[in-house]
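Inspection log for the structure reproduced underneath, given as structure tokens.
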Amino acid sequence: MKPLRRVFLVGGALTPFIGKSHPDFIWKGHSDFGKRENPTLEEYFAQVLAKLFAETGLEPARIEKGYVGNFAGELFSKQGHLGSMLARVESRLEGVPFTRVEGACASGALAMIGAIEAIQAGRNITLAIGAEAQTTVSAREGADFLARASHYETERGLDDFTFPAMFARRTMHCRAETGVTEEDVAHVVVKAYANAAKNPNAHMKAVPMTFEQAATASDRNPTFLKNPDLSPFLKISDCSQVSDGAAAMVLASEEGLRALGLSPDDAVEVLSYAQSNGALGQVSDFTRMGITERAAKEAYADTGLTAGDMKVAEVHDCFAITELLMTEALGFAAHGQGGALAREGRTAIGGDIPVNTGGGLLAFGHPVGATGIKQVLEVARQMQKRCGDYQVGHDIKHGIAANMGGDDRTAVVTILRNNAAV
Ligand code: CAA
């Protein structure tokens, strides 16, 4: 969709994404263990809203409508009804209508779509917020919760770690059918950790990763699936993180933007957004992200732009293979050529199409409900040269984000324009 009423980003905020291996994460060996606890889902909502309103200077009561993205609050945090959580943590939101939306790992982008469409329906200032706290349970128990994003009845049995197994299956097919190598996958992993090392908000910012470590299974980086056919195709470093965190953004119509004293001429604008869904449990080709590809085609067609116009991208890299397939789905590389794109350094911060500059889901982290919002904010932050040590060198007029739920079953592709760029 190209919005009928123009939509602009007023501002956004992120909490740090944390979990195991992050210096602040309280685990049983941490010096603060027993003295303090990791923030809860409720505290993440509070933290990100406080940051958002402090950074934008926006009076919360000006929000006319909001959407909350969260996948599994009931399971991880024993908390549902999250639309009404926000006024509890920020009393100045009392009375503002909020709706919670769920689309697995695309929940964040669906919240953003809600906020965009509320503007199409006549609202002028809207909020999208997403959060997840997943470290409340072990990775193994969490894997069962995350498996609810698959077709549980037919796919849960793939492995105790259902989603890792689903993407090991994709890797297996890509290795056999399109020639992706273990080294291609390792390039994605090493880039993710190198970028995260420059990003103060990243979950894995303190974890070094060499090419050799990423490319070779070892005691330090083992394969871990029980499914014997799939196990050789996935190491721990190929997986996104089990992270806690939150992200939020304020959007406005042209009228809303001007009422806030801002000008459309130097704002970041949502030029188009597209959502596509595919049937659960029915992937027709494991070497393609077909549903994301469909959404990307629609988003490009609505703008008249092509992949070549995009100068930065945030793509859903829930596993390293996913980033390669995403770059193909967005048209940066032909089918089967995502590996070459990564190998040649073209997706690195210094490349012509930098991808996941803050570390992606692999190393920035993946607090499921927050991810889709974080991705769009990262594209905007790159456009506005606010990425500090991981800032790309070139000016950016257009950028793209692709958020995905399940095994490419809900896909949202968003194209942004930086109106301040020539
Ligand atoms: N040697 C052998 N096995 C090891 C090991 C080692 N050194 N380290 C870990 N493991 C294995 C073991 O099987 C272990 O299980 P148990 O401890 O229960 O026996 C298991 O890995 C988990 O280990 P940890 O609890 O130490 O967990 P970890 O933090 O190291 O987890 C991970 C590693 C399992 C890869 C975890 O990070 C993970 O599950 N990542 C993926 C998260 C995920 O699937 N997110 C959703 C992505 S899909 C998406 O985005 C779309 C959607 O809609 C869902």
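The values are calculated or read from the model by the stated rules, or taken from the named source; none is laboratory data. Computed from a predicted model, the values in this text were never measured in an experiment. Every residue, glycine among them, receives a Cβ derived from its backbone with ideal geometry; neighbour counts consider all protein chains shown. All accessible areas refer to the heavy atoms of the entire protein, side chains included, with ligands and DNA or RNA removed. Shrake-Rupley method; radii C 1.70, N 1.55, O 1.52, S 1.80 Å.
Some notes on this structure:
- Subset tally (residues that are buried (at least 24 other Cβ atoms within 10 Å of the Cβ) and assigned to a loop (DSSP other than H, G, I, E, B)) for the stretch 387-399: 0
- The helices (runs of 4 or more DSSP H) located wholly in the stretch 59-148 that include 2 or more residues which are touching a strand residue (DSSP E or B) at 6+ places or on another chain (Cβ under 6 Å) occupy 107-120.
- Among the numbered conditions (1) within 16 Å of the ligand (Cβ to nearest atom); (2) assigned to a loop (DSSP other than H, G, I, E, B), the only one that Leu362 does not meet is (2).
- Restricting attention to the stretch 389-412, the residues that are under 20 Å from Leu362 (Cα atoms) and away from the ligand (no atom under 16 Å from the Cβ) total 5.
- Taken together, the criteria exclude Asp265 from residues that are acidic (Asp, Glu), assigned to a loop (DSSP other than H, G, I, E, B) and surrounded by fewer than 24 Cβ atoms within 10 Å (Cβ to Cβ).
- Each residue in the stretch 216-252 was checked for being more than 16 Å from the ligand (Cβ to nearest atom) and within 24 Å of the chain's Cα centre (by Cα), and 6 of them qualify.
- Members of the stretch 149-160 found to be open to solvent by less than 40 Å² (accessible area, probe 1.4 Å) and in a helix (DSSP H, G or I), listed by number: Ala149, Glu155
- Some residue of the stretch 400-410 being more than 22 Å from Leu127 (Cβ to Cβ), open to solvent by 10 Å² or more (accessible area, probe 1.4 Å) and not charged (D, E, K, R): no
- Scan of the stretch 132-147 for residues that are touching a residue at least 60 places away in the same chain (Cβ under 8 Å) and closer than 17 Å to Leu41 by Cβ, ordered by number: Glu132, Ala133, Gln134, Thr135, Thr136, Val137, Gly142, Phe145, Leu146
- Residue count, the stretch 155-194 (criterion: of a type in the set (Val, Ile, Thr) and either within 16 Å of the ligand (Cβ to nearest atom) or in contact with a Pro (Cβ under 9 Å, 6 or more places away or on another chain) (or both)): 5
- Comparison of Arg92, Arg5 shows that the only residue that is charged (D, E, K, R) and over 26 Å from Ala402 (Cα atoms) is Arg92.
- As a summary of the residue check, Glu328 satisfies the conditions (1) assigned to a loop (DSSP other than H, G, I, E, B); (2) away from the ligand (no atom under 16 Å from the Cβ); (3) over 29 Å from Leu257 (Cβ atoms) except for the one numbered (1).
- Boolean, Glu254 is touching a strand residue (DSSP E or B) at 6+ places or on another chain (Cβ under 9 Å) and closer than 25 Å to Thr327 by Cα: no
- Test: residue in the stretch 337-359 that is within 16 Å of the ligand (Cβ to nearest atom), in contact (Cβ under 8 Å) with a residue 60 or more places away in the chain, closer than 27 Å to Leu49 by Cβ and within 14 Å of the chain's Cα centre (by Cα): yes
- Single match in Gly331, Gly338 (criterion: open to solvent by less than 20 Å² (accessible area, probe 1.4 Å) and within 20 Å of Cys174 (Cα to Cα)): Gly338
- Answer residue from the stretch 288-328, given it is among the β-branched types (Val, Ile, Thr) and either surrounded by 22 or more Cβ atoms within 10 Å (Cβ to Cβ) or free of Cβ contacts under 8 Å to residues at least 60 places away in the same chain (or both) and is nearest to Val413 (Cα to Cα) among those: Thr292
- When the residues of the stretch 70-110 are filtered to those that are of a type in the set (A, V, I, L, M) and within 16 Å of the ligand (Cβ to nearest atom), the one that is most open to solvent (accessible area, probe 1.4 Å) is Leu75.
- Lys198 of a type in the set (Lys, Arg) and more than 14 Å from the ligand (Cβ to nearest atom): yes
- Positions within the stretch 1-40 being open to solvent by less than 10 Å² (accessible area, probe 1.4 Å) and either farther than 29 Å from Val207 by Cβ or in a helix (DSSP H, G or I) (or both), in sequence order: Val7, Phe8
- Scan of the stretch 108-160 for residues that are under 25 Å from Tyr67 (Cβ atoms) and of a type in the set (Val, Ile, Thr), ordered by number: Ile113, Ile116, Ile119, Ile125, Thr126, Ile129, Thr135, Thr136
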